Amino acid sequence: MATALNDLNGVEKFDELVLDEGYRPSEKEEFMGVQQRAYFLAKLKDWKETIVEESRATMAQLQVDSLREPDLADRASSETDWSLELRTRDRQRKLIAKIDAAIRRLYEGEYGYCEVTGDPISLARLEARPIATMTLEAQEKHERTERVSRDERTD
């Protein structure tokens, strides 16, 4: 099945393409062509790997530091710090799910297109937020609608 997904419309496999080191997507090339898809796949995978490595380091440090603080005040301070760190890791766990969804969209040929309008998401937006699923305009409209809904519930 992976072969079929990688061979969309007869293009070469983007997940095996090695890009030039300085490559950046350009408006001059085909939107979400092979090179752009390979670029964003590498970007998403690198981002995910960074998060996973940070999580591993946090867990290793948590195991080392858990019993080091004999003073109750120091231990309380450390536990507060670790609580914040673990909340950050939980947010990153959710981010990994979004990265995985973006990778799935890449393979399905849906990456880079707004889930609301179907329009291409700007390369600048994808560069800044590779997990974006909406154009900036659609995202802003969505957030305004959410804000109005939230305000109506609190009245």
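Numbers below:
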quantity: Criterion: closer than 26 Å to Ala124 by Cβ, part of a helix (DSSP H, G or I) and modelled with pLDDT under 95 - qualifying residue of Asp15, Asp90; calculated: Asp15
quantity: Among the candidates Thr117, Thr133, residue that is in contact with a Ser or Thr (Cβ under 9 Å, 6 or more places away or on another chain), in a loop (DSSP other than H, G, I, E, B), in contact (Cβ under 8 Å) with a residue 12 or more places away in the chain and of a type in the set (Val, Ile, Thr); calculated: Thr117
quantity: Filtered residues of region 99-109 (kept if of a type outside the set (Ser, Thr, Tyr) and buried (at least 16 other Cβ atoms within 10 Å of the Cβ)); calculated: Ile99, Ala102, Ile103, Arg105, Leu106
quantity: Matching residues, region 25-56, being more than 19 Å from Ala101 (Cα to Cα), among the basic types (Lys, Arg) and either assigned to a helix (DSSP H, G or I) or in contact (Cβ under 8 Å) with a residue 40 or more places away in the chain (or both); calculated: Arg56
quantity: Condition check for Ser55: among the small types (Gly, Ala, Ser), out of contact with any strand residue (DSSP E or B) (no Cβ under 9 Å at 6 or more places or on another chain) and modelled with pLDDT under 80; calculated: no
quantity: Residue count for region 125-155, restricted to those that are under 15 Å from the mean Cα position of the chain (by Cα) and of a type in the set (Gly, Ala, Ser); calculated: 2
quantity: Residues satisfying the stated conditions in region 97-149, i.e. farther than 19 Å from Asp15 by Cβ and hydroxyl-bearing (Ser, Thr, Tyr); calculated: Thr117, Ser122, Thr133, Thr135, Thr145, Ser149
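The values are calculated or read from the model by the stated rules, or taken from the named source; none is laboratory data. Fair warning: this is a prediction, and the values are worked out from it, not measured in the lab. A quick note on method: Cβ atoms are made from the backbone with ideal geometry, for glycine too, and the neighbour counts reach across all protein chains shown.
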